[in-house]
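The values are calculated or read from the model by the stated rules, or taken from the named source; none is laboratory data. Treat the numbers as computed from the prediction; the structure is a model and nothing was measured. Note that each Cβ is placed from the backbone with ideal geometry, even for glycine, and that neighbours are counted across all protein chains shown. To get the accessible areas, we keep the full protein, side chains included, count just its heavy atoms, and leave off ligands, DNA and RNA. Shrake-Rupley method; radii C 1.70, N 1.55, O 1.52, S 1.80 Å.
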Amino acid sequence: MNPSVRTWVMFALVSALILGTGFFQSWNSALLILNMGLVSAVMALGVNLQWGIAGLFNVGVMGFVALGGLAVVLISVPPVTEAWAAGGGRLIGALLLGLAVIAAAVQAWKRLSGVLRGWAMAGLLIVGFFVYRAVLDPAVEAIESVNPAATGYLGGLGLPVLLSWPVGGLLAAGAAWVIGKTALGLRSDYLAIATLGIAEIVIAILKAEDWLARGVKNVIGLPRPVPYEIDLQNDPAFVDRAAGFGLDATTASTVYVKLGYSVLFAAVLIVLLVLAQLALKSPWGRMMRAIRDNETAARAMGKNVTARHLQVFVLGSAICGIAGAMMTTLDGQLTPISYQPLRFTFLVWVMVIVGGSGNNLGAVLGGFLIWFLWVQVEPFGQWIMTVVTSGMADGNALKAHLLDSVQHMRLLTMGVILLLVLRFSPRGLLPER
Amino acid sequence: MDLLNAIVALSNFVLIPAIAYGSQLALGALGVTLIYGILRFSNFAHGDTMAFGTMSAILFTWWLQSLGVSLGPLPTALLAIPAGIAGAAALVLLTDRGVYRFYRAQKAKPVILVIVSMGVMFIYNGVVRLIVGPGDQNFADGERFLISARTFRDLTGLEEGLAIRTTQALTVVTAVIVVALLFWFLNRTRTGKSMRAYSDNEDLALLSGINPERVVLVTWLIVAALATVAGVLYGLDKTFKPFTYFQLLLPIFASAIVGGLGNPIGAIAGGFIVAFSEVGITYAWKKVLNHALPESLAPDGLVQLLSTDYKFAVSFVILVIVLLFRPTGLFRGKSV
């Protein structure tokens, strides 16, 4: 099949799946799938930039997504003034001090040589750590003791929530720069495990540092870029218009809100997709693929491989950060405990591989398709299990067990899909051109 | 100032737990390292292989218990380990047949195999949850303590108690036996030597008539055994929950990498380094210091370097630090 025809057919198929959900289940579920599909497509686009185009094996997607989520809190929540008064300044001072210590240690390592080098750096780090903790701990304690049940953190800047999307990207990009500087020199498998570990560190910080985003106590009720359903239902003009479409006010308001998110997400996805396509088709994109396919040759041609890798690592991670901010905005809450590698790293990888690594449209397609399956495998599995067990007597232990374990079909299905695609269509549904 | 009490407190809260945890990590890391050395990829499904082997052992334990079989003071699960190994071995051999062999024949790039192992990880994870569910399973029985804190205090008259759980003692003893067997096998037997030759230089090994499929088969069998033993020991010592085993992948990889991938001695050293740092950095040292230091120097705070929330993060900080200075680990592992 002609590649562009194939692309159209595949996208038509996914649209049909989501429309089918609307017709057979409900438009609310269809829009839920569409919205998270849009977010997933953005994540897949970021990973595709790193893996598909540059061949960088990043298994730390979860960390960047979580940083995007953090940005939503830092930007949109109103500041907690008492907490700032209690220890804000000291806390910022402690963080700057920590940075200064690390910078000093790096300088010591660079400037000195011989035996002195290692000891000086270790000494700086150890002494620095205790000084840092001595300044940080009382500040943290002061902040966390301000109304711990409701706040106990510094809050954010109280700016419009949409601003947090680019900021989420910047935050992830900054983290990616630091990680890239330290880890990109490693060989493939070592880099993979290092990124996996760094993502875990990001989540550990989110969970443990209550002053930052309340830790595992979660931040709920984040501001929204779209109106609240209840306000729409109380607005006579909206109710009248809904009635004009033959809808009741409740359904109309929930659909309206979700459509609002869809429009915003779609705008972001389209902008990023266009940029990614332009980048891929530009000399820069050709250079990246040349580096991916033969690093030695590219180096011999005078390309600065290390710098290019760092660049694309930062760009891809920034896109994941934007997606993370979008997702937290959609959820309206930041729950650090919900960041699991299976869901936020490995599932995104399944999307990229299944969609077609190296093909931006493929990554987007994979994002929609895999998210659709992730959501629909459960009801579908339920149906299959009900059919399978229909012959068994009620109260049969096996029947109960099978019906209870339907939810675990998800992981199994994702694994099977990934293996089948890797085996029979290793370049994905939409292969790279 | 009371050095004896300090030593006892240190052993009770740091040394003994870290040695037990380190042995479990070392066994896990040995499996990862063997696969890396011989099959040449990082096996993301290793944590879930452990979970599957442990689950098989648990199911067999329950069956034994229902028959009234027991080992007296020792946990019945010890009897079930061979059955668990058989389960895990069947699983990994089937996987190798159905999945990995295809890519081996194709001489696929190592990173493709890593991605394939991600798919295998999803499947194992799903299968284990389908069979035993996602919840906690308790299968520890027998005597709880080798020596309890109270008995120790009564015996020695010291202020601090020392408790050694049966499972901790068992972990260390089993780990020593398993590691000794493994090294004997790798260094002394013909098959073991051919495995090492294959790991060092594949082409040379093939030239000298080593059958690669046999080497791969034996490797998977050993890996299944190591994973099951590590998993059962961890499950007895702590608890069995499928998700915990998936999470164990992270410290296990950290151990294998800190030591140097592909290097068995490195894997063991790495396991203990990671375990000791995890326990040491998140332990509140106040008690030990109170005993060890003169009263005037006694600390006010808990003297905890990092909160216990950072337990997982610690192994990675060590990993990153080691990789920064030694890109292939402390014992100079391979890189493909």
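Could you say whether any residue in the range B:274-291 is assigned to a helix (DSSP H, G or I), in contact with a Ser or Thr (Cβ under 6 Å, 6 or more places away or on another chain), open to solvent by 30 Å² or more (accessible area, probe 1.4 Å) and of a type in the set (S, T, N, Q)? The answer is no, given that none of the residues of the range B:274-291 is assigned to a helix (DSSP H, G or I), in contact with a Ser or Thr (Cβ under 6 Å, 6 or more places away or on another chain), open to solvent by 30 Å² or more (accessible area, probe 1.4 Å) and of a type in the set (S, T, N, Q). Summed over the range A:14-24, residues that are without any contact (Cβ under 8 Å) to a residue 24 or more places away in the chain and either open to solvent by 60 Å² or more (accessible area, probe 1.4 Å) or within 24 Å of A:N359 (Cβ to Cβ) (or both) total 5. Can you confirm whether A:M351 is part of a helix (DSSP H, G or I) and within 14 Å of chain B (Cβ to nearest Cβ)? So A:M351 fits the description; yes. Selection of the range B:86-110 for residues being within 11 Å of chain A (Cβ to nearest Cβ) and not in a helix (DSSP H, G or I) yields B:A108, B:K109. Any residue at all in the range A:98-107 that's outside the structural domain of A:S357 (by TED's automatic domain parsing), without any contact (Cβ under 8 Å) to a residue 40 or more places away in the chain and more than 33 Å from the chain's Cα centre (by Cα)? Checked the range A:98-107: at least one residue is outside the structural domain of A:S357 (by TED's automatic domain parsing), without any contact (Cβ under 8 Å) to a residue 40 or more places away in the chain and more than 33 Å from the chain's Cα centre (by Cα). Figure legend. Inter-residue proximity from the range B:274-285: first residues more than 14 Å from B:A313 (Cα to Cα), second residues at pLDDT 90 or above and surrounded by fewer than 17 Cβ atoms within 10 Å (Cβ to Cβ), beta-carbon distance below 8 Å, spacing 6+ or different chains. Indicated pairs: B:Y283/B:V14. The set of residues in the range A:318-346 being closer than 17 Å to A:R214 by Cα, among the hydroxyl-bearing types (S, T, Y) and within 13 Å of another protein chain (Cβ to nearest Cβ) consists of A:Y339 alone. There is at least one residue in the range B:181-199 that is at pLDDT 95 or above, touching a helix residue (DSSP H, G or I) at 6+ places or on another chain (Cβ under 9 Å) and either within 14 Å of another protein chain (Cβ to nearest Cβ) or crowded, with 16+ Cβ neighbours inside 10 Å (or both). I'd like the residue in the range B:124-148 that is outside any loop (DSSP other than H, G, I, E, B) and free of Cβ contacts under 8 Å to residues at least 40 places away in the same chain and, out of all such residues, is nearest to the other protein chains (Cβ to nearest Cβ). Within the range B:124-148, the match that is nearest to the other protein chains (Cβ to nearest Cβ) is B:G126.
Scanning the range B:140-173 for residues that are in contact with a helix residue (DSSP H, G or I) (Cβ under 6 Å, 6 or more places away or on another chain) and polar (S, T, N, Q) yields B:T167, B:Q168, B:T171.
Return the residues of the range A:187-214 that are more than 8 Å from every other protein chain (Cβ to nearest Cβ) and either open to solvent by less than 20 Å² (accessible area, probe 1.4 Å) or assigned to a helix (DSSP H, G or I) (or both); say none if nothing qualifies. Passing the criteria: A:L191, A:T195, A:A199, A:V202, A:I203, A:L206, A:D210, A:W211, A:L212, A:A213. The residue list A:L315, A:L418, A:L411, A:L369 contains one member that is within 11 Å of another protein chain (Cβ to nearest Cβ), assigned to a helix (DSSP H, G or I) and modelled with pLDDT of 95 or more, which is A:L418. Determine, yes or no, whether A:N28 is polar (S, T, N, Q), in contact (Cβ under 8 Å) with a residue 12 or more places away in the chain and surrounded by fewer than 17 Cβ atoms within 10 Å (Cβ to Cβ). So A:N28 fits the description; yes. Does any residue of the range A:280-301 turn out to be open to solvent by less than 30 Å² (accessible area, probe 1.4 Å) and under 23 Å from the mean Cα position of the chain (by Cα)? Yes; the residues of the range A:280-301 include at least one that is open to solvent by less than 30 Å² (accessible area, probe 1.4 Å) and under 23 Å from the mean Cα position of the chain (by Cα). Considering every residue within the range B:301-314, establish whether at least one is closer than 20 Å to A:L186 by Cβ, open to solvent by less than 40 Å² (accessible area, probe 1.4 Å) and within 8 Å of another protein chain (Cβ to nearest Cβ). The answer is yes, given that some residue of the range B:301-314 is closer than 20 Å to A:L186 by Cβ, open to solvent by less than 40 Å² (accessible area, probe 1.4 Å) and within 8 Å of another protein chain (Cβ to nearest Cβ).
Considering only residues that are within 12 Å of chain A (Cβ to nearest Cβ) and buried (at least 24 other Cβ atoms within 10 Å of the Cβ), which ones fall in the range B:218-245?
Of everything in the range B:218-245, just one residue is within 12 Å of chain A (Cβ to nearest Cβ) and buried (at least 24 other Cβ atoms within 10 Å of the Cβ), namely B:P242.
Looking across the range A:148-186 at every residue that is among the small types (G, A, S) and surrounded by fewer than 20 Cβ atoms within 10 Å (Cβ to Cβ), the one that is nearest to B:P327 (Cα to Cα) is identified as A:G185.
Report yes if some residue within the range B:119-129 is surrounded by 15 or more Cβ atoms within 10 Å (Cβ to Cβ) and in contact with a His (Cβ under 8 Å, 6 or more places away or on another chain); otherwise report no. Within the range B:119-129, one or more residues are surrounded by 15 or more Cβ atoms within 10 Å (Cβ to Cβ) and in contact with a His (Cβ under 8 Å, 6 or more places away or on another chain).
Which ones in the range A:1-39 are farther than 30 Å from A:A249 by Cα and assigned to a helix (DSSP H, G or I)? Across the range A:1-39, the qualifying residues are A:P3, A:S4, A:V5, A:R6, A:T7, A:W8, A:V9, A:M10, A:F11, A:A12, A:L13.
Taken over the range B:315-336, the criterion of being buried (at least 16 other Cβ atoms within 10 Å of the Cβ) and assigned to a helix (DSSP H, G or I) is satisfied by B:S315, B:F316, B:V317, B:I318, B:L319, B:V320, B:V322, B:L323.
Candidates in the range B:1-59 are the residues that are open to solvent by 20 Å² or more (accessible area, probe 1.4 Å) and β-branched (V, I, T); of these, the one that is nearest to B:A89 (Cα to Cα) is B:I19. For the range A:39-63, residues that are open to solvent by 10 Å² or more (accessible area, probe 1.4 Å) and more than 13 Å from chain B (Cβ to nearest Cβ) total 1.
Here the condition is being in a helix (DSSP H, G or I) and surrounded by 24 or more Cβ atoms within 10 Å (Cβ to Cβ); of A:T329, A:T306, A:T386, it holds for A:T329 alone.
Against the conditions (1) touching a helix residue (DSSP H, G or I) at 6+ places or on another chain (Cβ under 9 Å); (2) over 14 Å from B:G47 (Cβ atoms); (3) open to solvent by 50 Å² or more (accessible area, probe 1.4 Å), B:S296 satisfies every one except (1). None of A:S390, A:S405 is away from every other protein chain (no Cβ under 14 Å), closer than 26 Å to B:I131 by Cβ and of a type in the set (S, T, Y) except A:S390.
Screening the range A:244-279 for residues that are of a type outside the set (A, V, I, L, M, F, W, C) and under 27 Å from the mean Cα position of the chain (by Cα) and picking the one that is farthest from A:A30 (Cα to Cα) gives A:Q277.
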